[in-house]
Amino acid sequence: MDDPHQAEAFMLAGRENGVVAPTYLFHSLQISRLISHGDQVLDLACGPANQLAQIARIHPDANFIGLDASPEMLKRANSNVSRFGLRNVQFRTGHIQDLGEFPDNSTDLVISTMSLHHLPDLKALGRTFREAARVLRPDGGLYLADFSRLKREATRRFFAEKDQDQQPDEFTKDYLNSLLAAFTSRELRDAMGVFGLGTRFNATAFVPFMVVIHKGVQYPILPSVRSECRAIYKRLNSRQKTDFRRLKSFFLLGGLSTPHF
């Protein structure tokens with residue numbers, strides 16, 4: 001996503017008043033269970049860092065690296081980090097299929113949210129997963145969330161267009177293209193074997209429009225994290241709160257509970 005208009009639309013959709021804000025809060029809560037004091041966290045394809053900035057804000061004692069191949073996205077990512085005055089985030093330019101600059105077993109947690117569908121094919125997905133497994137320490141954590149390819153065009157259009165009155169047209173178009181480009185649940189399940197025993201796969205119930213691949217020790221959610229997440233939730237508008245509760249319910253029915261906050 002090197003086009004400035006695409007990058008801007010995606011960033012705005014993920015801001016506090018954007019349509020993606022409820023999804024980011026959901027993932028922040030899930031990821032928070034995998035972060036411990038002093039951890040080194042690598043975010044693959046971080047984009048404009050709306051998600052990363054939120055997690056870094058609520059975990060000031062962890063260190064974060066955002067990796068992305070798009071200069072346009074990283075320009076906005078740096079702006080987001082500066083907006084919140086964060087000092088525990090740095091960015092690198094690079095492709096997630098090649099993490100050569102990161103040594104083996106050097107990372108405590110690898111995350112990626114809503115970005116894997118940008119990979120061109122299954123070969124690239126396999127390389128990305130192998131690289132992520134390589135840089136993770138043996139008992140490290142993993143949280144990879146993305147769309148799952150839906151079979152019916154009507155269903156894809158429903159998810160892409162249901163909030164079109166509140167999102168830029170460019171974002172609606174990209175959302176639909178993302179759902180078309182996504183890997184299937186089976187393809188993601190097959191590829192995740194490289195992460196070894198204990199890796200779990202969860203999808204939203206009824207319609208698997210979103211999936212999560214995760215593993216690692218789950219730590220208690222700190223009171224400070226609960227408080228920050230509660231404050232973020234309270235700032236959501238009523239429509240955003242409804243979207244958050246629905247996503248939480250769909251994943252709960254799919255076997256993935258959300259920490260109480």
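When Phe158, Phe183 are screened for being in a loop (DSSP other than H, G, I, E, B), among the aromatic types (Phe, Trp, Tyr) and out of contact with any Cys (no Cβ under 7 Å at 6 or more places or on another chain), only Phe183 passes.
Of the residues Asp169, Asp165, Asp243, Asp190, only one is acidic (Asp, Glu) and closer than 19 Å to His27 by Cβ; which?
Details: Asp169 fails: closer than 19 Å to His27 by Cβ; Asp165 fails: closer than 19 Å to His27 by Cβ; Asp190 fails: closer than 19 Å to His27 by Cβ.
Residue meeting the stated conditions: Asp243.
Surrounded by fewer than 23 Cβ atoms within 10 Å (Cβ to Cβ) and more than 11 Å from the chain's Cα centre (by Cα): is that true of Pro48 in this structure? Outline the logic, then answer.
Working: surrounded by fewer than 23 Cβ atoms within 10 Å (Cβ to Cβ): no; more than 11 Å from the chain's Cα centre (by Cα): yes.
Considered against the rule, which asks whether it is surrounded by fewer than 23 Cβ atoms within 10 Å (Cβ to Cβ) and more than 11 Å from the chain's Cα centre (by Cα), Pro48 comes out as no.
Among residues of the stretch 149-171 that are among the hydroxyl-bearing types (Ser, Thr, Tyr), those with a Cβ under 7 angstrom from a residue that is open to solvent by 30 Å² or more (accessible area, probe 1.4 Å), sequence gap 6+ or separate chain, pair up as Thr155/Val207. Residue check: Asn80 meets all listed conditions (1) buried (at least 23 other Cβ atoms within 10 Å of the Cβ); (2) touching a residue at least 40 places away in the same chain (Cβ under 8 Å); (3) in contact with a Leu (Cβ under 7 Å, 6 or more places away or on another chain) but one, namely (3). When restricted to residues that are at negative phi and either open to solvent by 70 Å² or more (accessible area, probe 1.4 Å) or out of contact with any helix residue (DSSP H, G or I) (no Cβ under 8 Å at 6 or more places or on another chain) (or both), the stretch 202-218 contains 2. For the stretch 88-137, filtered to residues that are out of contact with any Phe, Trp or Tyr (no Cβ under 8 Å at 6 or more places or on another chain) and of a type in the set (S, T, N, Q), the residue that is surrounded by the fewest Cβ atoms within 10 Å (Cβ to Cβ) is Thr93.
Condition test on Arg15, is it at pLDDT 95 or above, open to solvent by 20 Å² or more (accessible area, probe 1.4 Å) and either on the phi < 0 side of the Ramachandran plot or out of contact with any helix residue (DSSP H, G or I) (no Cβ under 7 Å at 6 or more places or on another chain) (or both)? No; evaluated as a whole, the condition is false for this residue.
Within the stretch 138-148, identify whether any single residue is among the polar types (S, T, N, Q) and crowded, with 20+ Cβ neighbours inside 10 Å, and answer yes or no.
Filtering the stretch 138-148 down to residues among the polar types (S, T, N, Q) leaves 148.
From the residues that got through so far, the ones that are crowded, with 20+ Cβ neighbours inside 10 Å too are 148.
Yes, that holds for at least one residue.
Scan the stretch 120-141 for residues that are over 14 Å from Phe183 (Cα atoms) and touching a helix residue (DSSP H, G or I) at 6+ places or on another chain (Cβ under 6 Å) and the total you get is 2. Exactly one residue out of Ser178, Ser238 is among the hydroxyl-bearing types (Ser, Thr, Tyr) and free of Cβ contacts under 8 Å to residues at least 60 places away in the same chain, and it is Ser238.
The values are calculated or read from the model by the stated rules, or taken from the named source; none is laboratory data. Here the structure is a predicted model, which means the values were calculated and not measured. A quick note on method: Cβ atoms are made from the backbone with ideal geometry, for glycine too, and the neighbour counts reach across all protein chains shown. Just so you know, the surface numbers come from the protein's heavy atoms only, side chains and all, with ligands and any DNA or RNA stripped out. Shrake-Rupley method; radii C 1.70, N 1.55, O 1.52, S 1.80 Å.
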